[in-house]
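Notes follow once the structure below has been shown.
The values are calculated or read from the model by the stated rules, or taken from the named source; none is laboratory data. Quick caveat, the model's predicted, so the values are computed rather than measured. Note: ideal-geometry Cβ built from the backbone for every residue, glycine included; neighbour counts use all protein chains shown. Please note that ligands, DNA and RNA were not included when accessible areas were found on the heavy atoms of the full protein model with its side chains. Shrake-Rupley method; radii C 1.70, N 1.55, O 1.52, S 1.80 Å.
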Protein chains: 2
Amino acid sequence: MGGSIGIDLGGTNIAVGLVSDACDIVSRKDVKTMAPRSARSITKTIVSLIRSLLNENKLTSKDLSSIGIGLPGIVDTKSGELLFATNLKLSHVNFPELFHEYFPNLNVYVGNDADCAVLGEYLAGEAKNYASALLLTLGTGVGGGLVVDGKIFRGGDGLGIEPGHIVVETDRAVKCACGQWSCLETYASIQGLIRLTEEVLASEGDSVFLQSPYPLNAIRIFEAVRAKDPIAEKIHARYIGYLAAGIKTLVALYRPHIILLGGGLSNASDLLIEPLEKAVRRDIFSGDILPVPSIRVASLRNDAGIIGAAKLYRESSL
Amino acid sequence: MGGSIGIDLGGTNIAVGLVSDACDIVSRKDVKTMAPRSARSITKTIVSLIRSLLNENKLTSKDLSSIGIGLPGIVDTKSGELLFATNLKLSHVNFPELFHEYFPNLNVYVGNDADCAVLGEYLAGEAKNYASALLLTLGTGVGGGLVVDGKIFRGGDGLGIEPGHIVVETDRAVKCACGQWSCLETYASIQGLIRLTEEVLASEGDSVFLQSPYPLNAIRIFEAVRAKDPIAEKIHARYIGYLAAGIKTLVALYRPHIILLGGGLSNASDLLIEPLEKAVRRDIFSGDILPVPSIRVASLRNDAGIIGAAKLYRESSL
């Protein structure tokens with residue numbers, strides 16, 4: 001039948017899928033990552049999942065065209081090395097070499113997880129009919145990837161782009177986990193939204209909807225916005241302002257045909273898409289003359305990373 | 001002998017060069033643009049300059065491999081159309097078609113002027129030994145270009161990148177000529193530097209070095225910084241802060257091997273390179289693990305655009 005294996009190796013979960021040439025996930029397995037543990041131990045777990053998938057589908061590794069692994073960190077796709085992944089507490093790991101011990105005849109490709117996700121959306125998801133696509137994931141952090149001319153854009157040195165680390169303010173108000181100040185991630189991630197909320201509550205006083213008992217979380221904040229709580233609406237406006245600033249920068253530098261939002265916060269699409277499109281179009285660079293990309297929610301969710309990882313082999317021939 | 005013609009068509013000057021295969025400008029002609037005037041009239045002027053160059057070098061158009069034109073505006077390189085160019089007051093002009101009336105057997109390529117400049121620096125200038133390069137021009141406006149994998153990066157829809165229109169502040173303090181608020185250009189251009197200076201003088205009081213009755217200009221401001229005027233030093237620190245924020249964003253999104261500064265303000269390299277490198281390296285995304293590009297002054301100056309334009313034909317075969 002052909003097909004390839006796509007692996008989404010995350011800090012919390014590992015998902016392994018058998019993906020058809022037509023980009024369908026034929027079957028899949030999910031387990032907890034149980035990080036931190038050694039790369040060799042993670043590899044063993046994944047290999048046994050691949051073997052179960054093959055058995056269940058009456059296939060052998062000879063039926064596969066390749067294995068692709070999406071990794072939550074900085075990946076040198078030329079050498080195959082994962083340089084570091086904070087969530088996995090791993091650095092300088094060469095997964096293709098580890099996998100070759102089990103599947104010596106298969107090509108094994110690695111990529112950054114957000115790069116795999118945008119490739120998946122581009123090939124089989126919400127960006128399928130677009131020549132280029134930018135994915136921006138709004139979750140624990142802010143990440144993303146770009147496909148241009150059918151290929152993942154990884155920048156000059158090939159180590160991958162970091163849309164979450166656009167500097168959106170020049171005052172040194174908020175330190176980002178990455179070391180920089182005032183990255184988009186410090187405002188647009190889940191933690192960023194909660195911090196913004198605490199900031200507004202501190203200056204504006206408690207709101208009925210957001211008052212203690214804490215803890216604050218994104219769902220409660222978005223519910224308060226939907227209930228038209230004035231303080232929540234202020235928080236929402238500031239959140240949209242930061243995200244719109246980041247998106248305008250991304251359009252000026254990447255000119256994608258479409259922008260997809262992914263990650264946990266994108267579930268609140270009713271509070272994001274329309275206000276963001278409005279804020280971006282209001283004054284974007286030459287928006288009266290140049291095309292402005294539409295903003296949509298990524299459609300494949302957690303499948304995007306599996307499909308994209310399974311299709312990493314395309315890159316080697318483009 | 002071979003070689004090709006490179007044209008740098010600017011709002012003020014037109015420069016036409018005969019460029020060897022080895023990227024040397026064999027000979028060149030410069031005239032005033034005399035804008036605004038029709039594209040047909042500009043074409044006639046350039047054609048006569050090309051003919052003089054050919055005559056003087058005892059060549060005919062058959063000796064040329066191509067003609068390339070760098071244009072100060074948004075260029076659709078696929079159709080060959082200049083969508084618009086503010087300084088020339090031209091829009092929707094197809095220069096390749098106009099040139100074909102005079103040179104029916106030559107391929108004519110068009111590109112954005114900053115894209116041509118970075119290609120020139122990449123092929124023959126300060127970025128010659130680097131696999132990728134970003135050029136940032138600090139002049140009347142802020143512009144730039146990127147070469148990745150030997151090719152000009154023009155973004156998803158191919159209409160070209162705009163590094164000057166990174167949004168570096170989310171407050172709506174300064175309106176940019178492009179329609180957006182708080183673009184890098186509004187702080188890092190010559191006008192931006194003068195505006196910053198006026199702002200600091202208004203809040204801090206006059207400085208001996210910067211007081212009236214002169215009109216402020218970049219040279220006087222930089223002289224006051226060199227003379228260690230405390231107010232000028234504050235202006236300088238703020239200027240570097242904005243530029244460093246923009247450069248950190250550019251590194252996160254483009255990962256170039258080298259960053260070159262061009263444009264009029266880059267003449268003050270003694271006040272730019274060292275403080276910028278320091279500000280960027282101090283906290284840049286994962287700078288302790290990932291390579292941080294060095295920052296240097298572009299070396300070819302006005303020649304870069306001519307050389308890059310002459311080499312646009314490369315793009316069609318890459």
* List, in order, the whole-Hz ³J(HN,Hα) value for each residue of the stretch B:16-28 obtained from phi through the Karplus relation with A = 6.51, B = -1.76, C = 1.60 and θ = phi - 60°; use x for Gly and Pro. => 10, x, 9, 10, 6, 4, 7, 6, 8, 7, 5, 7, 8
* Of the GluC sites (Glu not before Pro) in the stretch A:13-120, which ones lie in a loop per DSSP and count no more than 14 other C-beta atoms within 10 Å? -> A:E101
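How much net charge surrounds A:F209 when only the other residues with a Cβ under 11 Å from the Cβ of A:F209 are counted, with Lys and Arg +1 and Asp and Glu -1?
-1
Please tell me the relative contact order of the stretch B:54-186 in percent, rounded to the nearest whole number, where contacts are Cα pairs under 8 Å and at least six residues apart.
On the way: 232 pairs, mean separation 22.3, N = 133.
The normalised contact order for the stretch B:54-186 reaches 17 percent.
For the stretch A:32-86, how big is Rg over Rh, using alpha carbon atoms and the Kirkwood form of Rh?
Working: Rg = 13.4 Å, Rh = 13.1 Å.
Rounded to two decimals, Rg over Rh is 1.02.
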* Structure fact -> log10 I(q)/I(0) for chain A, Debye formula on C-alpha points only (no solvent), q = 0.08 Å⁻¹, two decimals, reads -0.38
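Suppose all protein chains stay in the model; what accessible area per residue would a 1.4 Å probe give for the stretch B:115-201, in Å²?
The answer is 28 Å² per residue.
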* Asked: Which Cα, out of B:V208, A:G287, B:L18, lies furthest along the positive dipole direction of the protein assembly as shown (beta carbon charges, K/R +1, D/E -1)?
  -> B:L18
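Using the C-alpha gyration tensor of the protein assembly as shown, what are the square roots of 5 times its eigenvalues, in whole angstrom, with the largest one first? The partial results should precede the final answer.
Working: eigenvalues 369, 223, 94 Å².
One finds semi-axes of 43, 33, 22 Å for the protein assembly as shown.
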* Would you mind listing the distances between the A:S38 label point and the same position in each other copy? Use 7 Å along Cα-to-C-beta, nm, one decimal, shortest first. => 7.8
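Please report the buried accessible area for the interface of B with A, total over both chains, probe 1.4 Å, in Å² to the nearest 100. Spell out each step's value before the answer.
Numbers: alone 14540 and 14440 Å², together 25010 Å².
It comes to approximately 4000 Å² buried between B and A.
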* To do: Give the angle, between 0 and 90 degrees and rounded to the nearest 10, that separates the Cα long axis of helix B:113-124 from the longest principal axis of the Cα atoms of chain B.
  => 80
* For the pair B:S269 and B:N94, how long in nm is the line joining their label points, each one 7 Å along Cα→Cβ? -> 4.2
* Asked: Rounded to the nearest 20 Debye, what is the dipole magnitude of the stretch B:191-318 about its Cα centre when Lys and Arg each give +1 and Asp and Glu each give -1 at the C-beta?
  -> 420
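Peptides B:23-32, B:140-149, A:187-196: what's the order by average Cβ count within 10 Å, highest mean first?
Values: B:23-32: 15.2, B:140-149: 24.7, A:187-196: 22.1.
The densest-packed peptide leads the list: B:140-149, A:187-196, B:23-32.
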* **Rounded Å value of the spacing that divides the Cα centres of the stretch A:47-116 and the stretch B:214-250** => 49
* Structure fact -> Simple SL model, points at 7 angstrom along Cα→Cβ for B:D21 and B:S48; separation in nm is 3.4
* Interface residues, the stretch B:271-318 - accessible area loss of 10 Å² or more versus chain alone, probe 1.4 Å -> B:R282, B:D283, B:F285, B:S286, B:I289, B:L290, B:P291
* To do: Would you mind giving the three semi-axes, in whole Å and largest first, of the ellipsoid equivalent to the stretch A:209-302 according to its Cα gyration tensor?
  => 27, 15, 10
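Cα convex hull of the stretch B:75-172: mean projected area in nm², to one decimal? Working shown, then result.
Numbers: hull surface 33.9 nm².
Averaged projected hull area, Cα only: 8.5 nm².
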* Asked: At A:G205, with labels set 7 Å past Cα in the Cβ direction, how many nm apart are the copies from this one, shortest first?
  -> 4.0
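Suppose R0 equals 41 Å. What FRET efficiency, 1/(1 + (r/R0)^6) with r the Cβ-Cβ distance, do B:A177 and B:N105 give to the nearest 0.05? Spell out each step's value before the answer.
Values: r = 40 Å, r/R0 = 0.99.
Computed FRET efficiency for B:A177 and B:N105 comes out at 0.50.
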* Asked: Is there a simple number for the mean count of other chain Cβ atoms within 10 Å of the Cβ of residues in A:13-19, and what is it?
  -> 0
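What percent does the relative contact order of chain B come to when contacts are Cα pairs within less than 8 Å and at least six residues apart? Provide the component values of the computation, followed by the final result.
Working: 646 pairs, mean separation 67.9, N = 318.
Once normalised by length, the contact order is 21 percent.
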* Asked: Projected onto the charge dipole of chain A (+1 at Lys/Arg Cβ, -1 at Asp/Glu Cβ, origin at the Cα centre), which of A:H257, A:A298, A:I42 gives the Cα projection farthest towards the positive end?
  -> A:I42
* Structure fact -> Length-normalised contact order of the stretch A:130-297, Cα under 8 Å, at least 6 apart, in percent, tallies to 25
* **Inter-probe distance in nm under a simple model that places probes 7 Å from Cα toward Cβ, at A:E199 and B:D206** => 3.8
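Please report the carbon-and-sulfur percent of the accessible area for chain B; probe 1.4 Å, protein heavy atoms only, DNA, RNA and ligands left out.
Values: 6320 of 12550 Å².
C and S atoms contribute 50 percent here.
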* Structure fact -> Computed for the stretch B:1-110: size of charge dipole around the Cα centre, +1 on C-beta of each Lys and Arg, -1 on C-beta of each Asp and Glu, debye to nearest 20, value 360
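Peptide B:177-187: average number of partner chain Cβ atoms within 10 Å per residue? Walk me through the numbers on the way to the answer.
On the way: counts 0, 7, 7, 11, 4, 5, 4, 2, 0, 0, 1.
Rounded to a whole number, the mean comes out at 4.
I'd like the trypsin sites (Lys or Arg not before Pro) in the stretch B:39-82 restricted to DSSP loop residues with at most 15 other Cβ atoms within 10 Å, sorted by number. Walk me through the numbers before you get to the answer.
Numbers: sites: B:R40, B:K44, B:R51, B:K58, B:K62, B:K78; in loops: B:K58, B:K78.
Qualifying residues, ordered by number: B:K58, B:K78.
Largest first and in whole Å, give the semi-axes of the stretch A:130-297's equivalent ellipsoid, each being the square root of 5 times a Cα gyration tensor eigenvalue. Write out the running numbers ahead of the final one.
Details: eigenvalues 160, 62, 40 Å².
That gives 28, 18, 14 Å for the three semi-axes.
Placing unit charges on C-beta atoms (Lys and Arg positive, Asp and Glu negative, everything else neutral), compute the dipole magnitude of chain A about its Cα centre in debye, rounded to 20.
On the way: 31 positive and 34 negative charges, 102 e Å.
Dipole about the Cα centre, nearest 20: 500 debye.
Give me a single rounded figure for B:144-151: the average over its residues of other chain Cβ atoms within 10 Å of their Cβ.
Numbers: counts 1, 0, 3, 1, 7, 4, 0, 1.
Counting Cβ atoms of other protein chains within 10 Å of each residue's Cβ and averaging gives 2.
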* Considering only the label points, 7 Å along Cα→Cβ from Cα, what distances in nm to one decimal separate A:P230 from the same position in each other copy, shortest first? -> 4.4
